[in-house]
């Protein structure tokens, strides 16, 4: 169920960069959480030119949003946020100010994959 | 406000399959929750080929995410998850392992439709 | 990090309408929350014709979803919901029943932008 969605303006990412980012994000998630890679999905979505705005002006932000199982520690979440920001900048050369990464919790029981409801993660939940 | 978004790689779903899934998802939601169909929205979004990855490799997952009013029971949520998974597999022939369905809560007061803030659902909230 | 995503069927919005809506949504958010405009992102996404359904039938809803830092008051959220609904209807002439606006909280610590985790908002959290 971990699902990472990366939104950029059309033409921002090459096929090779998407492949590289998908591998890196999957690797970051599995290393930080212990989850098997087979459940990690990464989607790339392109916005039309002139369809993204920052401060009310046409811009080219990269918006990466992960949806993960609730119950991971803040340290795990922050490690994921940091590592994805760093790898995105390294792969694309983007400026930090144009890179937004969010990692959002959803309870394990809110999702079904492979025909099964997800189990709760093994580490105890911490206060967000 | 119930909003269901179905993401698949371009070419996965025919017009007829989209129509069939939209009708089924709407029917599942109204039957399980009692909400009127006029508030149920279903959106289909296509990813470019080579833009979806599972386990770091190009793949063709189907990602269906619902956003519903908080306060439904776990039994209702699980019935929705199961029924949508089943109907998606029946309509498309997809393998269960490539079908991810999530149903996410948002408080009724976080949304406006038809110019009105949504009322809370009638059944009492249960612990997720 | 405040991120507003507007989904409409292809051809619904002109370039000028997108620009106008982006400016208005940015202005509404900054006025209601005091957040600096430089962090406000607005994305417009187009669905293919025949890819949006309401009540199981092909339709042309406008779905606008904001993701803001948790901790804003209900009054602030409702002012944002109302103002975005109103401006969308004014700019496009859309019927209120086809305009869905949601403003969803995420804790500040769940996002990173400009290489930094976001601070908590200054006003005290209120019960949603």
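Of all the listed residues (B:50, B:93), the sole one being more than 13 Å from chain A (Cβ to nearest Cβ), under 25 Å from residue B:8 (Cα atoms) and without any contact (Cβ under 8 Å) to a residue 40 or more places away in the chain is B:93. Scanning the stretch C:55-62 finds one or more residues that are part of a strand (DSSP E or B), modelled with pLDDT of 95 or more, touching a strand residue (DSSP E or B) at 6+ places or on another chain (Cβ under 8 Å) and surrounded by 15 or more Cβ atoms within 10 Å (Cβ to Cβ).
Check whether at least one residue in the stretch C:26-46 is within 9 Å of chain B (Cβ to nearest Cβ) and touching a residue at least 12 places away in the same chain (Cβ under 8 Å), and report yes or no. Scanning the stretch C:26-46 turns up at least one residue that is within 9 Å of chain B (Cβ to nearest Cβ) and touching a residue at least 12 places away in the same chain (Cβ under 8 Å).
Does the stretch B:96-103 contain any residue that is within 17 Å of residue C:65 (Cα to Cα), under 16 Å from the mean Cα position of the chain (by Cα) and either more than 12 Å from chain C (Cβ to nearest Cβ) or assigned to a strand (DSSP E or B) (or both)? Checking the stretch B:96-103: at least one residue is within 17 Å of residue C:65 (Cα to Cα), under 16 Å from the mean Cα position of the chain (by Cα) and either more than 12 Å from chain C (Cβ to nearest Cβ) or assigned to a strand (DSSP E or B) (or both). Scanning the stretch A:9-25 for residues being assigned to a helix (DSSP H, G or I), without any contact (Cβ under 8 Å) to a residue 60 or more places away in the chain and more than 9 Å from every other protein chain (Cβ to nearest Cβ) gives a total of 1.
The requirement of being surrounded by 22 or more Cβ atoms within 10 Å (Cβ to Cβ), touching a residue at least 40 places away in the same chain (Cβ under 8 Å), farther than 22 Å from residue C:102 by Cα and within 10 Å of chain A (Cβ to nearest Cβ) is fulfilled somewhere in the stretch B:79-86, by at least one residue. Being on the phi > 0 side of the Ramachandran plot and modelled with pLDDT under 95 holds for only one residue in B:71, B:50, B:93, and it is B:71.
The one condition from (1) at the interface with chain C (Cβ under 9 Å from one of its Cβ atoms); (2) at pLDDT 95 or above that residue B:65 does not meet is (1). Remark: pairs (first residue in the stretch C:56-77, under 20 Å from residue B:16 (Cα atoms); second residue modelled with pLDDT of 95 or more and assigned to a loop (DSSP other than H, G, I, E, B); Cβ separation under 8 Å; 6+ apart in sequence or on different chains) = C:56/B:40; C:58/C:50; C:60/C:12.
Quick check: is even one residue across the stretch A:79-93 closer than 24 Å to residue C:115 by Cα and not in a helix (DSSP H, G or I)? Within the stretch A:79-93, one or more residues are closer than 24 Å to residue C:115 by Cα and not in a helix (DSSP H, G or I).
Only residues that are surrounded by 20 or more Cβ atoms within 10 Å (Cβ to Cβ) and within 13 Å of the chain's Cα centre (by Cα) were counted in the stretch B:12-31, giving 7.
Among the residues of the stretch C:104-115, which ones are more than 7 Å from every other protein chain (Cβ to nearest Cβ) and either over 18 Å from residue C:5 (Cα atoms) or surrounded by 21 or more Cβ atoms within 10 Å (Cβ to Cβ) (or both)? Show your work before the answer.
Here is the first cut: in the stretch C:104-115, the residues more than 7 Å from every other protein chain (Cβ to nearest Cβ) are C:105, C:108.
Correct list: C:108 only.
Within the stretch C:68-78, restricting attention to residues that are under 15 Å from the mean Cα position of the chain (by Cα) and surrounded by fewer than 21 Cβ atoms within 10 Å (Cβ to Cβ), the residue that is nearest to the other protein chains (Cβ to nearest Cβ) is C:78.
The values are calculated or read from the model by the stated rules, or taken from the named source; none is laboratory data. Bear in mind that the values here come from a model prediction, so they are computed numbers and not experimental data. No Cβ is skipped: glycine too gets one built from the backbone with ideal geometry, and neighbour counts run over all protein chains shown.
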